[in-house]
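The values are calculated or read from the model by the stated rules, or taken from the named source; none is laboratory data. Computed from a prediction, not measured in an experiment: that's the story for all the values here. Neighbour counts are summed over all protein chains in view; Cβ atoms, including those assigned to glycine, are modelled from backbone coordinates with ideal geometry. Please note that ligands, DNA and RNA were not included when accessible areas were found on the heavy atoms of the full protein model with its side chains. Shrake-Rupley method; radii C 1.70, N 1.55, O 1.52, S 1.80 Å.
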Amino acid sequence: MFIRTLSSINRFSLLSILRTHSTTSNTTHFGFDEVPENEKQTRVNEVFSSVADSYDLMNDIMSFGIHRIWKDHFIRIVRPDPQWNYIDVAGGTGDIAFRYLKELDRYYPSAASSIPLSESPITPTHTYIADSLEQTRIRPTSKCVVADINPNMLAVGKQRSIDNNLHNRIQWIETNAEELPFEDEQFDVYTIAFGIRNCTHIDRVVSEAYRVLKKGGRFLCLEFSQVNNTLLRYFYDQYSKTFIPPMGQIIANDWKSYQYLIESIRVFPKQKEFAELIRSCNFRYVNYENLSFGVSAIHSGYKL
Amino acid sequence: MDRLYGTHKPTGLVQKSILAVGSGIMSIADPSRDDMISIFGETTGGLALKYMQEKMVIDPEGDRILKERPIINSKTVDLEYLKTLPIGTLGKTYSNFLVKYNLTPDARRPVSFIDDSELAYIMRRYREIHDLTHVTLGMPINMLGEVTVKWFEGIQYGLPMCVLGAFFGPLRLGPKHTAKYLHLTLPWIVRTARQSRSFMNVYFEKHWHKSLNEFRRELNILEPPPKI
C-alpha cells in the first residue's frame, strides 16, 4: 500500500491522468495506460528489456560470472569461418551470436566487410515469423541466423545488436526449434546454448539440426550437465537448492523459473546419454567435453 | 516440508534469511518492487503473526474468523450490492473508496513463505483488510494516510514491516503534512490504535449495512482530525 502510493506518482500514471479517457482510433492500451500505437511496442520492449537485464544479472550471480567463460570457450571450439552459414538456435538475446561474430572479426578482420549484408527486413522492427510448414521453406538471408521461440527475447537481442553495431549481419527468426522453417542442408554450423533443456522433445530438436545442416556440418550444444564427482555434486546440489530460487525471487521476481531451472538440470540426460541421443540422430564422431567438473558440457557431432 | 496451502513455497532457515535481507534491501533500493515489500513482511513477521493469532483466538469474533477463514476478493464480495447501500454505511463508503482510487480487492499478493497454514491465513487476512482499515479510519491513499494506517497496524499487530514503514515513511512528507502529522494525526492514531478493538477480530463482511459512525463507535475509534 505504502508502495502503491510511491509508484502511483510515477510517470506512467501521470501520463494516464493527462490523457483523456476515451480511446481514439490510433491509441491502444498498455496495461492501464492509453498510448499511441507506435509507442506501445517501445513500451513492451522496455518491459522485456528490463526482464532480460535482470535474467542476465541472475546468470552472472548464479554462476559467479563463469557462464561468460563457458560461452567464450564454446565459441573457441566452434572456430568461426567467414564462409560458413551459421545458425544459433534458442539464442534470443544474442549472447552466442555476438561472440561468434566478434571472434570472426578477430581472426578475419578484412572479411568483416566482404560478408554479404542481410537483406533489410520488411519493416525495421519486424522479425520473420514462421507460420506453418505448409508455407514454403526458406533459405537464410544472412551468414548468421539467430532463431528463438520467444519474440520478446528476439526484440531484446535485436536492440543489443544495434547497440553493438552488428545489426546488419544477423537474421532474426521466430520459430520452434523442433520445426525450423529452413530448407534442408542450409547451414555449416548449428549451435544451441542453454536452450535444448527447455525444449519439449530433445530428439526432435537434434533431428531438425541434422536436417538443416549440410554434409560435413557440425552440431554443437552447450548445456548444463551432471557433476560426476560425488562430493562436489553434494555441494553443488546444496548450493543450487538453497541459493538459486531465493536469489531469483529477489533479483528477477521469479522464484518459479529458477526452481524449474534447478529441477530441469537434474532431469536432463547425463553426458553419455545425451551423446547416445545425438548418435541416434545419425550424427557421427559425437563426443563431449565437461566444463567446471560437469556443471556444464559441450557436446559435438558431425553430419557425414 | 510439504506444501501446506495453494501458494506455499516451503523454505529453510537459510533461504528465509536470504529472502529477508535481500527483500529488505531491494524494497528501499527499488520501491516499485511491491513483491519485495510483501516478502519482507512474510519473512520477518513470524513472531508478530503468532501474537496476532493469540489475540484472535481469545476474541469470539476473531475466533470465528479463524474457523471460517473468510476471503475478500471480487468473487466473494458483491460489489454491486455494496453500491446499492445507503450513503454513510460501511459498505457504500468502501465501494466509493474502491471506485475513487480505481482499486480492486484482488490486488493483494498471495502468501508464499509462511510455513503454517493458519498463520498464512492471518497474513492473508491482514493484507485483505488493509483497504477496509483505510475506510474505517477515514484515511486517504496519500503518503500521510498510508503512514497513519501503518502506525495503526504496527501498534495493533506488531509486524516489523508496518513498524518500519511507520517510522521511515514520514521522512518523505512535505512540510505542511509533516506539521499536521506531528501535531494532530500522530497523537490521534496512537491513542486510537491502543484503545480500539483489534481489526483482525472484526468480521467486516458482516457489517456492510452498518452506518460508519455507529461502526466506529462500536470499535472505540476516536474522531479523526479534520482534513487540511
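Just checking, does the stretch B:42-64 include any residue being closer than 23 Å to residue B:156 by Cα, within 14 Å of chain A (Cβ to nearest Cβ) and either at pLDDT below 90 or surrounded by 16 or more Cβ atoms within 10 Å (Cβ to Cβ) (or both)?
Looking only at the stretch B:42-64, we keep the residues that are closer than 23 Å to residue B:156 by Cα, and these are B:42-64.
From what's left, within 14 Å of chain A (Cβ to nearest Cβ): B:42-43.
Right, trim to either at pLDDT below 90 or surrounded by 16 or more Cβ atoms within 10 Å (Cβ to Cβ) (or both) and you get B:42-43.
Yes, some residue in the stretch B:42-64 is closer than 23 Å to residue B:156 by Cα, within 14 Å of chain A (Cβ to nearest Cβ) and either at pLDDT below 90 or surrounded by 16 or more Cβ atoms within 10 Å (Cβ to Cβ) (or both).
Only residues that are within 14 Å of chain A (Cβ to nearest Cβ), in a helix (DSSP H, G or I) and either in contact (Cβ under 8 Å) with a residue 24 or more places away in the chain or open to solvent by 40 Å² or more (accessible area, probe 1.4 Å) (or both): list them for the stretch B:165-198, please.
Answer for the stretch B:165-198, where residues must be within 14 Å of chain A (Cβ to nearest Cβ), in a helix (DSSP H, G or I) and either in contact (Cβ under 8 Å) with a residue 24 or more places away in the chain or open to solvent by 40 Å² or more (accessible area, probe 1.4 Å) (or both): B:167, B:168, B:169, B:171, B:172, B:177.
Under 20 Å from residue B:209 (Cα atoms), of a type in the set (Ser, Thr, Tyr) and either in a loop (DSSP other than H, G, I, E, B) or at pLDDT 90 or above (or both) - does that describe any residue in the stretch B:136-145?
Yes: the stretch B:136-145 contains one or more residues that are under 20 Å from residue B:209 (Cα atoms), of a type in the set (Ser, Thr, Tyr) and either in a loop (DSSP other than H, G, I, E, B) or at pLDDT 90 or above (or both).
Can you go through A:169, A:204 and tell me which one is in contact with an Asp or Glu (Cβ under 7 Å, 6 or more places away or on another chain) and either at pLDDT 90 or above or open to solvent by 30 Å² or more (accessible area, probe 1.4 Å) (or both)?
Criteria check complete, one pass: A:204.
Does the stretch A:129-140 contain any residue that is among the hydroxyl-bearing types (Ser, Thr, Tyr) and modelled with pLDDT under 90?
Looking only at the stretch A:129-140, we keep the residues that are among the hydroxyl-bearing types (Ser, Thr, Tyr), and these are A:132, A:136.
After this cut, where a residue has to be modelled with pLDDT under 90 as well, the list is A:132, A:136.
So far as the stretch A:129-140 goes, yes, one or more of its residues are among the hydroxyl-bearing types (Ser, Thr, Tyr) and modelled with pLDDT under 90.
One residue is enough: does the stretch B:108-131 have a residue meeting the conditions open to solvent by 10 Å² or more (accessible area, probe 1.4 Å), modelled with pLDDT under 95, within 18 Å of residue B:226 (Cα to Cα) and not in a helix (DSSP H, G or I)?
No, that holds for no residue.
Within the set of pairs 6+ apart or on separate chains, which have a first residue in the stretch B:58-85 that is over 26 Å from residue B:109 (Cβ atoms), a second that is open to solvent by 50 Å² or more (accessible area, probe 1.4 Å), and C-beta atoms under 8 Å apart?
Sorted first by the residue in the stretch B:58-85, then by its partner, the pairs are B:59/B:197; B:63/B:57; B:85/B:209.
Could you check the stretch A:236-269 and list, in sequence order, the residues that are more than 14 Å from chain B (Cβ to nearest Cβ) and part of a helix (DSSP H, G or I)?
To start, the set of residues in the stretch A:236-269 that are more than 14 Å from chain B (Cβ to nearest Cβ) comprises A:236, A:261, A:264-269.
Within the stretch A:236-269, A:236, A:261, A:264, A:265, A:266, A:267 qualify.
Would you mind listing the strands (runs of 3 or more DSSP E) fully within the stretch A:138-232 where at least 3 residues are closer than 26 Å to residue A:265 by Cβ?
Hits in the stretch A:138-232: A:144-148, A:187-193, A:213-224.
Take the residues in the stretch B:11-31 that are part of a loop (DSSP other than H, G, I, E, B) and open to solvent by 40 Å² or more (accessible area, probe 1.4 Å); name whichever of them is nearest to the other protein chains (Cβ to nearest Cβ).
Among those residues, the one meeting the criterion is B:31.
Does the stretch B:143-164 hold any residues that are open to solvent by 10 Å² or more (accessible area, probe 1.4 Å), without any contact (Cβ under 8 Å) to a residue 24 or more places away in the chain and within 11 Å of chain A (Cβ to nearest Cβ), and which are they?
Scanning the stretch B:143-164 gives B:150, B:164.
Please tell me if residue B:217 is open to solvent by 20 Å² or more (accessible area, probe 1.4 Å), within 13 Å of residue B:137 (Cα to Cα) and assigned to a helix (DSSP H, G or I).
Considered against the rule, which asks whether it is open to solvent by 20 Å² or more (accessible area, probe 1.4 Å), within 13 Å of residue B:137 (Cα to Cα) and assigned to a helix (DSSP H, G or I), residue B:217 comes out as yes.
Can you name the condition, by its number, that residue B:37 falls short on among (1) free of Cβ contacts under 8 Å to residues at least 24 places away in the same chain; (2) more than 13 Å from residue A:246 (Cα to Cα); (3) at the interface with another protein chain (Cβ under 9 Å from one of its Cβ atoms)?
In the conditions (1) free of Cβ contacts under 8 Å to residues at least 24 places away in the same chain; (2) more than 13 Å from residue A:246 (Cα to Cα); (3) at the interface with another protein chain (Cβ under 9 Å from one of its Cβ atoms), residue B:37 misses (1) alone.
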